[in-house]
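Everything on this sheet refers to the single structure shown next.
The values are calculated or read from the model by the stated rules, or taken from the named source; none is laboratory data. Quantities reported herein were computed from a predicted structural model and do not represent experimental measurements. With ideal geometry, Cβ positions are generated from the backbone for all residues, glycine too; neighbour counts draw on all protein chains shown. Note: areas computed on protein heavy atoms with side chains; ligands, DNA, RNA excluded. Shrake-Rupley method; radii C 1.70, N 1.55, O 1.52, S 1.80 Å.
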Amino acid sequence: MKVEVRKVTSRREMDAFVRLPRRLYKGVKQYVPDLESDIRHMFDRRHNPSLEFSDIQPFVAYRGEEVVGRIVGIINRRANETWHEHTVRFGMIEFTDDEEVSRALLSAVVSWGRGYGMDAIEGPMGATDFDKEGMLVADFNLPGTMNTIWNPDYYPRHLESLGMEKAVDWLQIRVQIPREVPARYHRTAQYAREQIGLRVVKLGERGVATRAVAEQAMHLFNESYQHIFGFAALSDGQIKSYLDHYLPLIDKRMMPIVMNDRQEVVGAAVTIGSLTKALQRAHGRLLPTGWFHLLTALKLKHEDCAEMLLVAVRPDYQGLGVNALFFDDLIPIYNRLGIKWAETGPQLEDNVRELSQWTPLKPEYVKRRRCYKKQITDNRI
């Protein structure tokens, strides 16, 4: 039967969109499911402030009555204005190993994007830089994480067969947590404290205005990431949404914030205990027991891995020891919590300064992932 791609317009179609990965990756140990409630909220203006400046359209592919693929088209108007582009993004792409399916999904996004005047397609990307991005092109045997995409090895083959080319690559970094802080980090951190007047604070500490400092940290991400591929500044609504959602959940011991002697936030690192196993046990659902697995991993019993989600340093403080302060603070905490290794989120492969900071920890570079791009001239990929 011919593949038919439909815009998601009904609850039944949304159910099919949300539940496809559960069937597609049944028994795949590397796959880490999203929470189904988070996926549904992505398309709801009450829960997703990105919709203030983005158009987002989910699609589902059917062969007969069988669901064989899904994709989301995204037009981030703020990003297009920032980068002077007319690009439609695709994300959340999942499909069976059938080029008719992958072609039909991407063509649906192309046709939809052309209706808005777009002349290029790129992805996988999200509505914001904090969403999952980059298709895995190596190390398919390694487990995924909460904030990254895992996909089978045939996915990139399909995209390249359809004429899509590399826009950028990201790498992730794995490190073993040493028993002691490496001397290079310790010396540099001491210099930053004594000579520059920097200090590490934690949200919830006496004298730290938790919400105000957290908001400063979020605005710092905007300032620090402004030149990173595809980034568009977070709106006040997005910042409020992130803080409302995540601030009560994170273990604040694992989130060092660096302040100068004028009480300005000049650096922030967001790290958490890995949620990989908890999300796999929850099978993408909070009820009836998924909440328990997640709460246990967040608050009660950490896994032996930490996820380093976000790191930002104010541009005028880069190279002045802020990153060393993060390591000097986190390594003893990780040891106390029984965390033996850590993995970063995706780092752009050409961000030499970011990658070089890990050298004293003898990093392993893993999970290369790619954003693909193609100019579009008609309604098919």
Highest GNM mean-square fluctuation among 206, 193, 78, for the chain with Cα springs under 10 Å, belongs to 206
Only Cα pairs under 8 Å and at least 6 apart count here; give the relative contact order of the chain as a rounded whole percent. 23 percent
Averaged over every viewing direction, what's the projected area of the C-alpha convex hull for segment 39-122? Give it in nm², one decimal, please. 6.0 nm²
For segment 240-287, what's the radius of gyration and Dmax over Cα atoms, in angstrom? 14.7, 46
Segment 148-270: D in µm²/s via Stokes-Einstein (Kirkwood Rh, Cα pairs, 25 °C, 0.890 mPa s)? 137 µm²/s
Accessible area of the chain divided out per residue, in Å², using a probe of 1.4 angstrom: 46 Å²
Round to a whole number: what % of the accessible area of segment 299-373 belongs to carbon and sulfur, probe 1.4 Å? 52 percent
If I stretch the segment between residue 29 and residue 351 completely, what's the gain in nm (0.36 nm per residue apart, minus their alpha carbon distance), one decimal? 112.8 nm
Tail fraction, Cα-Cα pairs, segment 1-84, threshold 18 Å, whole percent: 51 percent
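Could you compute how fast the chain diffuses translationally, taking Rh as the Kirkwood radius over C-alpha pairs and applying Stokes-Einstein at 20 °C with viscosity 1.002 mPa s? Give it in µm² per second.
Working: Rh = 21.8 Å.
For these conditions, the coefficient is 98 µm²/s.
Quick check of the Kirkwood formula: for segment 1-148, what is the inverse mean of 1/r over all pairs of different Cα atoms, in Å? Intermediate values should be presented prior to the final figure.
Details: mean 1/r = 0.0629 Å⁻¹.
Evaluated on segment 1-148, it is 15.9 Å.
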How big is the Rg/Rh ratio for segment 129-178, C-alpha atoms only, Rh by Kirkwood, two decimals? 1.01
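Given N residues in segment 213-255, what is Rg(Cα) / (2.2 N^0.38 Å)?
1.23
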With every protein chain in place, the accessible area of residue 240 for a 1.4 Å probe, in Å² rounded to the nearest 10, comes to 120 Å²
Mind giving me the FRET efficiency for residue 246 and residue 22? R0 is 35 Å, r the Cβ-Cβ distance, nearest 0.05 is fine. 0.90
Give the aspartates and glutamates reachable from residue 166 as a straight Cα distance under 12 Å; neighbours fewer than 8 places away on the same chain don't count. 122
Set 132/373; 252/277; 277/340; 29/340; 240/374; 7/277, cut-off 27 Å on Cα-Cα distance; pairs above it are 240/374; 7/277
At 1.4 Å probe size, with the rest of the protein present, what percent of the exposed accessible area of segment 114-214 is carbon and sulfur atoms? 46 percent
Of the GluC sites (Glu not before Pro) in segment 203-263, which ones lie in a loop per DSSP and count no more than 12 other C-beta atoms within 10 Å? 205
What is the extension gain from residue 210 to residue 179, computed as 0.36 nm multiplied by their sequence separation minus the C-alpha to C-alpha distance, in nm to one decimal? 8.1 nm
Computed on Cα atoms, the radius of gyration and Dmax of segment 95-150 in angstrom are 13.7, 39
